[in-house]
Structures are given as structure tokens and as C-alpha cells.
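Enquirer: One structure, pasted below without further comment.
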Amino acid sequence: VENRIRVNADRLHQSLAQLGQIGATAGGGVTRLALSDEDRVARDLLAGWMRDAGLAVRIDDFGNMTGRRAGTEDRAAIVAASHIDSVRAGGLFDGAYGVLAALEVIRTLNDQSLTTRCPIEVVNWTNEEGVRFEPAMLCSGAVAGRFDRSYVYDRTDRDGVRFEDELRRIGYLGDAAARPDPAAYLELHIEQGPVLEAEGVPVGIVPGIVGITWLDVRLTGRADHAGPSPMPLRHDALAAAARLITGVETIARQTKEAVGTVGRLTLEPNVINTIPGRVTMSVDFRHPDSATLDALVASFGCLAAETWASTGVEIAIDRFWTSDPTTFDDDLLAAIQSTCEGLDLPHRRLWSRAGHDAKYVQDLAPAAMIFVRSRDGLSHCEQEYSTPADLEAGANVLLQTLLRLAGTADPS
Ligand code: HGY
Ligand code: MN
Ligand code: MN
């Protein structure tokens, strides 16, 4: 009888719309950066919804929020999670969908007065995006032991504000004893790419995540007057950076399956009649294979050395974060597949080229992900969209897979 249970789609869409009002941008997206006031308001709303759904809410020392629904057995929970922080001018669904679909599952189990054997927990991971406080997946990584607490607490944003101070300021600095400790983990997320749409398939089963590496590059030239300074004598930090930026594009395009992006750039003094003396820029390389990822970084390093030699602009590269390619748990993937078949939902397997907290949770417990189709494959932009029908389908896959994993209490 349980496998005929379905989520309340209207309630899910209403919750998504209501959360989407917090940090809403004029173009129909959200800016809800980690530990910002918008993040605090969203967290307070989520905590209220969790409590309304009868969940026991706890906050850990990284601000990760967990809502626990007891099972008939008191043991480690099956966790369904994602994140509610966003990039700048991001979409309504990245992260928020997975958290609110997990909450909708809880609400549905309550409606059905259904108790599972295994407890179920809903988690909101702090700072998945790594936009305000680099790197990404910082707090699931910390719980998995990939980052020391002191490293996390000392991360600063572009204004030099510390992570720990912001976490305390918004009132979400909790306790290490409250950290998630999953028995198994599912993350429902929008695909953020074009594959499912191209194949006309609503649901993706995600066997793994590609490797990701982030570089911080600092170029130090010489600020000087834009007029009297002869071209041969210049050390123009921005002109040198321009070679590196086009180089990232060339390097990535030359390697199959690789992507390369320069997303963040600052220059000083940034005025019309001064030759830029200092530039900082980011580089994001991704590839399914670790050795190839290293080769991309090495090519970039060679280009930087040549550029330094020919321009006299000093170039410092800090490869400060690498997330190795991750493969998820076969049994969980099989459970998702059985659920899709049971729901008669077209589906296919596809690797994630976006990072997710599931990557680090896989260090702690068996983990897997479920995708739903993205319109035009767009994400990290205000145009991010998935249809209500696809969002509903994904939530039902999460519901039925959780029931399969958590087990339903013996009716007697
Ligand atoms: O960067 C990523 O792939 C993720 O959205 N944080
Ligand atoms: Mn995400
Ligand atoms: Mn994202």
C-alpha cells in the first residue's frame, strides 16, 4: 500500500515559492549567500517548517540544520538533504528543491500517519555554494573530516568578514554533537545541465560527480599613468590576466570532457587612466578523471610562467581546493532505479558535473543522487527552471526510495 503514496505537489510548489521570496532578485531568481541576513531568514523559516512537521531540530557547529523524524528503531537515520544557500543572482531550485522535497516527504508521511522503521532526517548543509566563503561544500566536507573546524571558521568573504563571526551573528553556531551522521544518504537536485532535456527524460540517476579544482590567481604588475607610460615599459596586470583568461578557455576546449571557467575577477585601482597594478582571478577546472584534471592545471601553470616571463607581471597560483571524482553507492542507485521503474518514470544514468554535498557524505555513508530535468540546462542564473510535473516526479522518487530504505513499521 505504501508504494501508492504520493507527495502533495501543490504544497511543495507553495513552499518553493515562499522560500524563493527570501533574497528574491528583480529578474526572478535569488541571492541568498551563506550566513547572510537572507540566509538567516530562510533558515528561520525552514526551522519553523521542520518543527511544524514534528521534526526534532538540531544545529551543529557549522550551522548545518538537521530535522529528525523518529522511526520505530532508534538508530542512525536515512538522510535526505541539500542546501538553501545560493550563488549571486541564482535560481529558485538549486539546493532549495532537495531540502523542500525532503520536507514534503516528511509532511506526506505525517498525512499518512506512517511510521518508518529507520529514522529519517532532513538536512540543510551550510555554504554548499562556496561563493561567499570559498571553497564549495565546505560544511559537509567539514563533517566528513575533509576540513578542520579552524580552517572553516577562519574563511573570510571579500570584505574580510570571518565565517565563524557570521555564523554566530545569525544565531546558527551550534554544537559538534549535533552533526549529521547518516546511515545512508539521498540528495535530490535539479540536473543543472542539458542531458535529460535533450533525451526527453524527466529523472536522472546519478552514479557520481566529476573532479573539480579551484585556483586563486594573483597577478602583480605595476600601476602607472595610462598616458606617459610607453607600452614596452609597462607591467599591465590586466593585460597579463587577459592572456590567462583566454588560456583557460583554450586549455579546456582542447581536452575532451573538460570545462574551465574564470568566474571571479578583481582589479586595482580599477580607474580609467591608470594601468592596472594588481589583479586577482579564479579558475574552476572540472574533469571526470583526476590525472587529466592535474594536467589541465599543469598546462595553466606553463601558460602563467610564459606570461610572467614575457610581461614581467608576477603571477602566483594557489590551488586551494580539489574535489576528487566521486562514485556513489551501487545499492542505493539500484534502489532509485527500482523506484523509477515502479513509478513508471522514464530515467537514465548521468554523472554530475556540478558539485554537491553528497560528494563528502559518501565518505561517511553510502550516498546517491537523483536529478530532475532543467529547462535549457540552465542553472546558477535567474532563468533556472524545472516544470512542476518534473519537480513532483522527483519528489515522488525521493519519497518512494526513502520508504524502500527506511522500511515501514510492521502494520501489526
Ligand atoms: O560549484 C558547484 O558545482 C556547486 O554548484 N557548488
Ligand atoms: Mn546545488
Ligand atoms: Mn549550485
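Enquirer: Can you give the local net charge around PRO207? Use residues other than it whose beta-carbon is closer than 14 angstrom to its beta-carbon, Lys and Arg +1, Asp and Glu -1.
Expert: Surrounding charge for PRO207 is -1.
Enquirer: Then there is this: Taking the 0 to 90 degree range and rounding to the nearest ten, how far is the long axis of helix 96-111 tilted relative to the main principal axis of the chain, both from C-alpha atoms?
Expert: The answer is roughly 10 degrees.
Enquirer: In whole Å, what is the distance between the alpha-carbon centres of segment 353-412 and segment 55-102?
Expert: Using only Cα atoms to place each centre, the spacing works out to 12 Å.
Enquirer: Specify the inter-centroid distance of segment 130-190 and segment 239-313, based on alpha-carbon positions, in whole Å.
Expert: Value for the Cα centre distance between the two parts: 28 Å.
Enquirer: Can I ask one more? Tell me the relative contact order for the chain as a rounded percent, counting alpha carbon contacts under 8 Å between residues six or more apart.
Expert: Numbers: 938 pairs, mean separation 96.0, N = 412.
Relative contact order here is 23 percent.
Enquirer: Of all DSSP beta bridges in segment 29-167, what percent run antiparallel (nearest 5)?
Expert: Counting only bridges with both partners in segment 29-167, antiparallel ones make up about 70 percent.
Enquirer: Still on this structure, I have one more. What translational diffusion coefficient, in µm²/s and rounded to a whole number, does the Stokes-Einstein relation yield for segment 163-236 at 37 °C and a viscosity of 0.692 mPa s, taking the hydrodynamic radius as the Kirkwood radius over Cα pairs?
Expert: For the chosen part, D equals 167 µm²/s.
Enquirer: How big is the C-alpha Rg of segment 276-340 next to the rule-of-thumb value 2.2 N^0.38 Å, as a ratio?
Expert: Output field value: 1.77.
Enquirer: Would you kindly state the longest site-free stretch of the chain, with sites defined as GluC sites (Glu not before Pro) in a DSSP loop (not H, G, I, E, B) surrounded by at most 14 other Cβ atoms within 10 Å?
Expert: Numbers: sites that count: GLU73, GLU257.
Counting only loop sites that pass the neighbour cut-off, the longest clear stretch is 74-256.
Enquirer: May I pose another question? At 37 °C and 0.692 mPa s, what whole-number value in µm²/s does Stokes-Einstein give for the translational diffusion of segment 137-278, with Rh from the Kirkwood sum over Cα pairs?
Expert: This corresponds to a translational diffusion coefficient of 163 µm²/s.
Enquirer: Students sometimes get this wrong: rank LYS256, LYS359 by accessible area, probe 1.4 Å, all chains present, largest first.
Expert: On the way: LYS256 160, LYS359 10 Å².
The ranking, largest first, comes out as LYS256, LYS359.
Enquirer: How big is segment 215-291 in terms of Cα radius of gyration and Dmax, in angstroms?
Expert: So, for segment 215-291, Rg and Dmax equal 15.0, 49 Å respectively.
Enquirer: So what's segment 1-69 giving for Cα Rg divided by 2.2 N^0.38 Å, two decimals? Show your work: numbers first, answer last.
Expert: Details: Rg = 14.5 Å, N = 69, 2.2 N^0.38 = 11.0 Å.
Cα-based Rg divided by the globular estimate yields 1.32.
Enquirer: Report, in debye and to the nearest 20, how large the dipole of the chain comes out about its Cα centre when Lys and Arg carry +1 and Asp and Glu carry -1 on their Cβ.
Expert: 360 debye
Enquirer: Cα-Cα pairs above 14 Å in segment 321-372: how many percent?
Expert: Values: 727 of 1326 pairs.
Counting pairs separated by more than 14 Å, the tail of P(r) holds 55 percent.
Enquirer: For the chain, report the accessible area per residue in Å² (1.4 Å probe, heavy atoms, rounded to an integer).
Expert: It amounts to 41 Å² per residue over the chain.
Enquirer: So what's the net charge close to ALA240: Lys and Arg +1, Asp and Glu -1, counting the other residues with Cβ under 12 Å from its Cβ?
Expert: Summing Lys and Arg as +1 and Asp and Glu as -1 gives +2.
Enquirer: Further, regarding this structure: Roughly how big is segment 106-223's charge dipole about its Cα centre, with Cβ charges of +1 (Lys, Arg) and -1 (Asp, Glu), in debye to the nearest 20?
Expert: Values: 13 positive and 19 negative charges, 73 e Å.
My answer is approximately 340 debye.
Enquirer: Per-residue HN-Hα couplings for segment 7-16, Karplus 6.51 cos²θ - 1.76 cosθ + 1.60 at θ = phi - 60°, whole Hz, x for Gly and Pro?
Expert: 3J(HN,Hα) across segment 7-16, in whole Hz: 6, 8, 4, 4, 5, 5, 5, 5, 5, 4.
Enquirer: Along the charge dipole of segment 1-159, which of THR126, TYR97, ASN3 sits closest to the positive end, that is, farthest toward it, with unit charges on the beta carbon of Lys, Arg, Asp and Glu (+1, +1, -1, -1)?
Expert: ASN3
Enquirer: Rounded to the nearest 500 deg cm²/dmol, what is the calculated helix-only ellipticity per residue at 222 nm for the chain, with -39500 (n - 2.57) per DSSP H run of length n ≥ 4?
Expert: -11000 deg cm²/dmol
Enquirer: If you line up the long axis of helix 290-311 against the longest principal axis of the chain, both from Cα atoms, how many degrees apart are they, to the nearest 10?
Expert: Result, in degrees: 20.
Enquirer: What are the semi-axes of the equivalent ellipsoid of segment 86-159, taken as the square roots of 5 times the eigenvalues of the Cα gyration tensor, listed largest first and rounded to whole Å? Kindly include the intermediate steps, with their values, before the conclusion.
Expert: Numbers: eigenvalues 188, 59, 9 Å².
Output for segment 86-159: semi-axes of 31, 17, 7 Å.
Enquirer: Please work out the Kirkwood hydrodynamic radius for the chain, using every pair of different C-alpha atoms, and report it in angstroms with one decimal place.
Expert: 22.3 Å
Enquirer: May I pose another question? Could you please state how large a percent of the accessible area of the chain is carbon and sulfur, counting protein chains only and using a 1.4 Å probe?
Expert: Details: 8190 of 16720 Å².
That fraction is 49 percent.
Enquirer: Given C-alpha coordinates of segment 35-123, what is the ratio Rg to Rh with the Kirkwood estimate of Rh?
Expert: 0.99
Enquirer: Find, to one decimal place in angstroms, the Kirkwood hydrodynamic radius of segment 33-189, where the mean of 1/r is taken over every pair of different Cα atoms and then inverted.
Expert: Averaging 1/r across every pair of different Cα atoms and inverting gives 15.7 Å.
Enquirer: Let me ask you something else. With θ set to phi - 60° and the Karplus curve 6.51 cos²θ - 1.76 cosθ + 1.60, what are the ³J(HN,Hα) couplings of segment 248-258 in order, to the nearest whole Hz, using x for Gly and Pro?
Expert: Result, ordered by residue: 4, 4, 5, 4, 5, 5, 7, 10, 4, 6, 8 Hz.
Enquirer: So, one more: Per-residue HN-Hα couplings for segment 220-235, Karplus 6.51 cos²θ - 1.76 cosθ + 1.60 at θ = phi - 60°, whole Hz, x for Gly and Pro?
Expert: 10, x, 9, 5, 7, 6, 6, x, x, 7, x, 3, x, 9, 7, 10
Enquirer: Also: GLY90: net charge of surrounding residues, Cβ under 10 Å, Lys/Arg +1, Asp/Glu -1, itself excluded? The partial results should precede the final answer.
Expert: Details: positive: ARG32, ARG88; negative: ASP85, ASP94, GLU129, GLU382, GLU384.
Neighbourhood net charge equals -3.
The values are calculated or read from the model by the stated rules, or taken from the named source; none is laboratory data. These numbers come from a predicted model, not from an experiment. Here the Cβ is made from the backbone with ideal geometry for all residues, glycine too, and neighbour counts use every protein chain on show. Side chains included, ligands, DNA and RNA excluded: accessible areas come from the protein's heavy atoms. Shrake-Rupley method; radii C 1.70, N 1.55, O 1.52, S 1.80 Å.
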